[in-house]
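What follows is one structure encoded as structure tokens, with my remarks underneath.
The values are calculated or read from the model by the stated rules, or taken from the named source; none is laboratory data. In this text, all values refer to a predicted model and were calculated from it rather than measured experimentally. Cβ atoms come from the backbone with ideal geometry, glycine included; neighbour counts cover every protein chain shown.
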Amino acid sequence: MLPKLLHFYFFLTLAAGFVIGVIVASYGLSQGFAIHDLGIHEWQFRNSTSGLASTERNESLVLESATSDLASTPTNESLVLEPPTSDLASTAWNETLGFGEVLYVSMPERTDRQDAMNLAASMSGLKLRLINGVEGESISFKAIPDNNAKKWTLRPSELGCWRAHADAWRYVIDSNIETALIIEDDIDWDKNIHQIFQDLSFQMQNSTLRLVSPTDHERVSAPYGLDWDVLILGQCYDVAHPRHHDLVQVYDDPNVPSRKDTEAVFLRQMQSLGVNGKDVGKKRLLSPAYGPICTMGYAITRRGAQRLLLNLSYLSLRGPVDMDMMWTLQEGKIRGYTVTPPLFSAWRVGGQKDSDNKPDPKLPISGRGNVGGWSRNIKSSARVAMVKELAMDNWMEYTNQGTGSETKAEKGKNGEGKANGRKRS
């Protein structure tokens, strides 16, 4: 009887072992399929982080292991560990709007404009670097670029304007920054400038106008991409390419100026690109740059700075800097995008202060002044908002506070405050 019982337990043990083996093998096989479905790098990342997240050194090793080979495998591009687009676009909230630096051009003697720019920038959370303007008469004849086209006879003021912008391009090249925003010292912008540039950044990261796909570096580190030389943001006139009205990216922007606050030239451009009616005042447009005039605000990449210095200095200078930039865009020698309506606009005060030209003794210097100044193509002026935000009436606040105290005192002392010579208002 005992031998038979032993045999029974022996076979029962074998059967149990077989069942357990099958279960273990099935589990291992299922995990193998799971690894295949996730992608081996993501699977390693998930498993590694479960036990190593407590140490900074191990976290860095896990991330390096998880990402080192992914960039070279197109099928796994979606698994690359990088900040989501929204996080990259949020760099527009920093003090340079997501660009390497913000440069502004101003004549050394225009300390009035420099005060204004410093004040407006501080109120908008921006940091600016001054690029000194240049007197055209100070430029040596030998330093003036060739003008083989003979399109334009440059006045000293136009030469000085070109030289100042060329110095800004040189600064970008010498500083080895990827992008820079260049603005002039007589401009205005919207008080919600950070939100506006975040929306623009998101649109440019998801651009339908690109000719090449963004690189891995652009996806991670370039809020506005790097597939352009110039980004036109502050023009006084513009027109789209006559044969490429289909090349446009239209997007919602709650900070777009209304129809009545938008100049006719930009309304016409928007209409030519298919935006009119109720969309005006709600939509902003991104399109290939073709016919912009004025350099109130534009961004450049480092490669763009090199191409501008090549075409508008080394090879030739055919006219005012904004005109030659427009011709170079139309010839296709540089690539650019333009934003409509523009994001920067001229701030006008009237009188001779609106120009850097030498004053005319026959005309009054002042016009309305900053108190009566104005700008167009902007929904909520940063300059107007700045004055309101900093306004206060210190003595009225003292008076209001004192009035409250006096009222309580008078109730208890039958008007003693008035008898002491305090005048009620």
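General remarks:
- Among residues that are closer than 18 Å to HIS241 by Cβ, modelled with pLDDT of 95 or more and polar (S, T, N, Q), GLN306 is not included.
- Test result for ASP174, closer than 24 Å to PRO257 by Cα, acidic (Asp, Glu) and assigned to a helix (DSSP H, G or I): no
- Of all residues in the stretch 89-133, those satisfying the criterion of being touching a strand residue (DSSP E or B) at 6+ places or on another chain (Cβ under 9 Å) and β-branched (Val, Ile, Thr) are THR96, VAL102, VAL105, ILE131.
- Matching option when the condition is under 25 Å from GLN269 (Cα atoms) and more than 16 Å from the chain's Cα centre (by Cα), among ASP167, ASP216, ASP186, ASP190: ASP186
- Test: MET204 is touching a Phe, Trp or Tyr at 6+ places or on another chain (Cβ under 6 Å) and in a helix (DSSP H, G or I): yes
- Some residue of the stretch 331-350 being over 19 Å from the mean Cα position of the chain (by Cα), of a type in the set (Gly, Ala, Ser), assigned to a strand (DSSP E or B) and on the phi > 0 side of the Ramachandran plot: no
Results for (1) farther than 20 Å from TYR224 by Cα; (2) of a type outside the set (A, V, I, L, M); (3) in contact (Cβ under 8 Å) with a residue 60 or more places away in the chain, shown as yes or no for each residue.
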{"residue": "ALA143", "(1), (2), (3)": "yes, no, no"}
{"residue": "LYS151", "(1), (2), (3)": "yes, yes, yes"}
{"residue": "GLU158", "(1), (2), (3)": "yes, yes, yes"}
{"residue": "CYS161", "(1), (2), (3)": "yes, yes, yes"}
{"residue": "ALA164", "(1), (2), (3)": "yes, no, no"}
{"residue": "ARG170", "(1), (2), (3)": "yes, yes, yes"}
{"residue": "ILE173", "(1), (2), (3)": "no, no, yes"}
{"residue": "ILE177", "(1), (2), (3)": "no, no, yes"}
{"residue": "LEU181", "(1), (2), (3)": "no, no, yes"}
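- Only one entry of ARG155, ARG110 meets the criterion of being farther than 18 Å from LEU317 by Cβ and basic (Lys, Arg), and that entry is ARG110.
- Test: SER106 is surrounded by fewer than 20 Cβ atoms within 10 Å (Cβ to Cβ), out of contact with any Cys (no Cβ under 7 Å at 6 or more places or on another chain) and hydroxyl-bearing (Ser, Thr, Tyr): no
- Residue in the stretch 380-391 that is assigned to a loop (DSSP other than H, G, I, E, B), touching a residue at least 60 places away in the same chain (Cβ under 8 Å) and of a type outside the set (Asp, Glu) present: yes
- The condition (being of a type in the set (Phe, Trp, Tyr) and in a strand (DSSP E or B)) is satisfied by just one residue among TRP162, TRP169, TRP189: TRP189.
- Among the residues making up the stretch 287-301, those that are within 15 Å of LEU226 (Cα to Cα) and within 14 Å of the chain's Cα centre (by Cα) are TYR298, ALA299, ILE300, THR301.
- For ARG163, the conditions (1) more than 28 Å from ILE378 (Cα to Cα); (2) touching a helix residue (DSSP H, G or I) at 6+ places or on another chain (Cβ under 6 Å); (3) of a type in the set (D, E, K, R) are fulfilled apart from (2).
- Candidate set: the stretch 277-319, residues that are in contact with a helix residue (DSSP H, G or I) (Cβ under 7 Å, 6 or more places away or on another chain), crowded, with 20+ Cβ neighbours inside 10 Å and aliphatic (A, V, I, L, M); chosen: the one farthest from TRP169 (Cα to Cα): LEU285
- Members of the stretch 94-137 found to be without any contact (Cβ under 8 Å) to a residue 24 or more places away in the chain and in a loop (DSSP other than H, G, I, E, B), listed by number: ASN94, GLU109
- Any chance TRP169 is touching a helix residue (DSSP H, G or I) at 6+ places or on another chain (Cβ under 8 Å), buried (at least 19 other Cβ atoms within 10 Å of the Cβ), at pLDDT 95 or above and of a type outside the set (Ser, Thr, Tyr): yes
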